[in-house]
Amino acid sequence: MSRVDTVLLPELDGPVPATLPRALGLLSLALGVGALAAPGPVARMTGVDDSPAARSVLPAIGLRELGSAAGLLSGRRPAGWAWSRVAGDAMDLAVLGRALADRAGDRRRRVALTTLAIAGITAVDVLAAVRTGRARRARARVIQMEIAVTVNRSPAEAYRFWRDMENLPRFMAHLESVRADDLRRSHWIARGPAGHRVEWDAEIIDDQPNKSITWRSLPGSRVPNAGRVRFVPAPGDRGTEVRVELRYAPPAGALGRAVAKLFGEEPEQQVRDDLRRFKQVLETGEVVRSEGSPNGISVRQQAMQRPAQPLPPSRR
Amino acid sequence: MKATAWMGADSVKVIDVPDPKIMNARDAIVRISTTAICGSDLHLYHGYIPAMRKGDILGHEFMGEVVEVGPQVRNLAPGDRVVVPFPIACGHCASCQRGLYSVCENSNPNAGIAEKIMGHSPAGIFGYSHLLGGYAGGQAEYARVPFADVGPIKVPDEISDDQAVMLADVFPTGYMGAEMCDIKPGQVIAVWGAGPVGLLAAASARLLGAERVIIIDRFPYRLRLAEKHIGAETINYESVDVLDTLNAMTAGRGPDACIDAVGMESHHGNTAMYAYDRAKQAARVETERPFALRQAILACRSGGVVSVIGAYGGFVDKFPMGAFMNRSLVMRTGQCHVQRYTRPLLERIQRGEIDPSFIVSHRMPLRDAPKGYKIFQKKQDDCTKVLLKV
């Protein structure tokens with residue numbers, strides 16, 4: 001395992017889900033061919049065969065559907081093409097709504113059935129558009145970094161401390177707890193602002209004693225992430241270069257905003273601070289606190305320093 | 001407890017704050033008996049050090065009695081009388097282990113801010129801005145001392161408070177300034193600034209074997225102290241040209257080493273140059289007025305050492321790099337690695353080689369701290385060093 005970007009995260013590294021867009025492409029193809037090749041039967045089936053306009057509108061719809069089919073089956077920008085189908089559905093529903101108002105009897109029944117079918121297809125189209133869009137954006141949001149710190153301890157000592165995953169919250173400020181379920185698996189809880197908690201399970205996928213540890217979240221995590229830490233002897237007998245690579249994709253929406261706040265405006269700075277705390281814990285025994293930064297190193301706290309005077313009893 | 005707090009530029013107050021408590025396992029709480037106002041506190045007082053907050057407790061020179069220790073402090077016990085070095089140092093990082101305590105890699109919880117300005121972060125310092133840690137200072141009744149197993153040393157009964165508190169900063173700082181000059185027999189050392197650090201640098205240069213020590217200032221009462229206690233030659237830069245005089249005194253060679261014990265708020269006799277730097281500093285275009293440093297470089301013998309122990313915080317203009325480079329000068333500098341010097345210098349005091357408390361001019365109760373800052377700032381009443389008694 002040479003680099004963290006070779007650690008596969010199914011949510012990010014698998015193909016963007018394409019089954020549904022392709023099915024919709026085939027549906028568009030069928031509808032398009034039908035509307036162009038047999039406008040008469042299609043008009044009868046949908047209950048608009050009494051309208052002179054239908055003769056010119058149906059081939060136009062057929063052309064539009066062939067366009068969507070070409071786009072969706074090409075596999076490029078599936079989310080965009082799925083949304084183009086949603087737009088077409090909206091047009092069709094509008095036309096059918098007017099047709100329904102003008103008709104009675106058997107024709108009205110056929111128009112109503114058509115409307116129902118189109119409404120169902122619209123729902124599937126929206127689902128496909130949202131899903132493929134989300135998958136694409138998750139890939140676009142991926143954050144990847146490599147940060148290092150030199151610690152005046154041997155690689156074996158640094159490795160031992162990190163390998164006990166339950167130690168991680170002692171220096172990773174955003175973590176509330178890590179519970180080791182067994183030697184490989186662990187359950188992580190990160191705390192965010194306003195009580196937001198993000199939890200996931202992770203597994204160690206490569207473990208080189210005194211050299212490196214590689215882990216990743218298990219499939220299904222809302223914040224897919226992978227990490228790797230290497231413990232490299234520092235030249236000149238100066239301890240260990242602790243080199244951390246991280247890769248994660250914050251989700252969208254409210255949860256995503258919470259995760260973004262967890263890591264702040266500068267996610268790299270947060271990790272750098274984590275490593276500074278790691279160094280403090282290994283070299284001095286604990287995180288160093290001052291009156292201005294009573295919780296120890298943190299970018300957020302640096303920006304909001306309290307005066308350098310003892311804490312009131314209520315804050316101890 | 002009562003504590004001296006920074007309330008804004010040119011304003012300090014003695015206010016009531018909560019008593020300190022142990023925050024880390026290697027902390028100790030010290031009940032302060034004597035604390036001092038340092039020349040570098042005046043930089044804070046004047047508002048030239050960034051990242052101060054209203055209510056910050058000042059003071060980095062203090063001593064007193066240990067009243068509480070954290071579970072990891074085994075070398076001290078309640079009742080011990082200790083003096084506390086001003087840099088906060090963990091003792092275990094690579095810098096501390098090489099004796100470079102003032103650049104401890106772990107003691108500044110605000111290292112991120114310092115890195116943005118200085119590239120890398122130095123150690124945290126008591127009562128010296130949030131840039132250097134946001135630690136409460138020691139001009140107070142009590143102080144929390146982090147890494148109490150590394151910094152404070154016990155003071156024997158025969159050493160007075162006035163002598164011992166000199167070990168917190170000014171004596172080690174002056175001594176390191178002289179030590180960095182790498183003094184050899186026959187050498188002439190010039191010191192800019194006859195404040196506490198300059199005087200003790202001059203005295204230390206004597207201890208380290210300098211043939212002649214020349215000290216430069218504009219206050220006759222301070223120059224008299226240097227003559228009387230150190231046997232130094234003196235130059236009042238308001239009455240003579242410093243470079244001409246130094247050249248005359250050294251037969252054209254220049255001093256073998258020059259110590260800048262002035263720092264960022266230098267004053268000097270050349271009115272136009274002073275006005276230039278003063279104006280830029282006031283407009284925050286330049287953070288320092290480095291006149292003493294420029295002059296020290298120009299004065300120094302070719303191949304000599306410029307030792308900088310005056311405090312700087314940011315950037316200087318018109319640095320005479322041409323003189324510095326073409327004349328093979330060496331610059332050595334640093335906040336003092338006090339922990340390295342406390343014991344040997346305590347022993348020098350015990351052996352009677354020096355009594356650093358000759359610099360003390362004023363002793364007053366803690367509640368008079370605002371007055372102490374004022375007279376120290378204005379150099380009133382022949383003020384050289386103010387001790388606050390708690």
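The values are calculated or read from the model by the stated rules, or taken from the named source; none is laboratory data. Note that the structure is a prediction, hence the values are computed from the model and not measured. Glycine gets a Cβ as well: all are built from the backbone with ideal geometry, and neighbour counts include every protein chain shown.
Taken together, the residues in segment B:45-96 that are without any contact (Cβ under 8 Å) to a residue 40 or more places away in the chain and not hydroxyl-bearing (Ser, Thr, Tyr) amount to 8. Of the numbered conditions (1) surrounded by 18 or more Cβ atoms within 10 Å (Cβ to Cβ); (2) at pLDDT below 85, A:VAL271 satisfies every one except a single condition; which is it? So A:VAL271 meets the others, but not (2). Report yes if some residue within segment A:241-262 is within 12 Å of chain B (Cβ to nearest Cβ) and either assigned to a loop (DSSP other than H, G, I, E, B) or at pLDDT below 80 (or both); otherwise report no. Looking through segment A:241-262, none of the residues is within 12 Å of chain B (Cβ to nearest Cβ) and either assigned to a loop (DSSP other than H, G, I, E, B) or at pLDDT below 80 (or both).
I'd like the residue in segment B:103-114 that is more than 9 Å from chain A (Cβ to nearest Cβ) and part of a helix (DSSP H, G or I) and, out of all such residues, is modelled with the highest pLDDT.
B:VAL103
When restricted to residues that are under 22 Å from the mean Cα position of the chain (by Cα), at negative phi and part of a loop (DSSP other than H, G, I, E, B), segment B:89-102 contains 4.
Of all the listed residues (A:GLY71, A:GLY80, A:GLY34, A:GLY25), the sole one being assigned to a helix (DSSP H, G or I), among the small types (Gly, Ala, Ser) and touching a Phe, Trp or Tyr at 6+ places or on another chain (Cβ under 6 Å) is A:GLY71. A:LYS211 passes all but one of (1) under 20 Å from A:VAL4 (Cα atoms); (2) in contact with a Leu (Cβ under 7 Å, 6 or more places away or on another chain); (3) in contact (Cβ under 8 Å) with a residue 40 or more places away in the chain; which number fails? Status for A:LYS211: all satisfied but (2).
Within segment B:53-65, track down each residue that is buried (at least 22 other Cβ atoms within 10 Å of the Cβ) and more than 17 Å from the chain's Cα centre (by Cα). If the condition is that a residue be buried (at least 22 other Cβ atoms within 10 Å of the Cβ) and more than 17 Å from the chain's Cα centre (by Cα), then B:ASP56, B:ILE57, B:GLY64 are the ones that fit.
Okay, residues lined up against (1) touching a helix residue (DSSP H, G or I) at 6+ places or on another chain (Cβ under 7 Å); (2) buried (at least 23 other Cβ atoms within 10 Å of the Cβ):
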| position | (1), (2) |
| --- | --- |
| B:ALA205 | yes, yes |
| B:GLY209 | no, no |
| B:ILE214 | yes, yes |
| B:ARG218 | no, no |
| B:ARG222 | no, yes |
| B:HIS229 | yes, no |
| B:ASN236 | yes, no |
| B:SER239 | no, no |
| B:ASP244 | no, no |
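When only residues in segment B:33-75 that are among the hydrophobic types (A, V, I, L, M, F, W, C), under 22 Å from B:ASP260 (Cα atoms) and assigned to a loop (DSSP other than H, G, I, E, B) count, which is farthest from the other protein chains (Cβ to nearest Cβ)? Ranking the candidates gives B:CYS38 first. Of the residues examined, B:LYS374 is one that is free of Cβ contacts under 8 Å to residues at least 60 places away in the same chain, among the basic types (Lys, Arg) and touching a helix residue (DSSP H, G or I) at 6+ places or on another chain (Cβ under 9 Å). Looking across segment A:284-316 at every residue that is hydrophobic (A, V, I, L, M, F, W, C) and not in a loop (DSSP other than H, G, I, E, B), the one that is farthest from the other protein chains (Cβ to nearest Cβ) is identified as A:ALA303.
Among the numbered conditions (1) away from chain B (no Cβ under 14 Å); (2) at pLDDT 90 or above; (3) out of contact with any Asp or Glu (no Cβ under 8 Å at 6 or more places or on another chain); (4) over 25 Å from A:LEU36 (Cα atoms), the only one that A:SER154 does not meet is (1).
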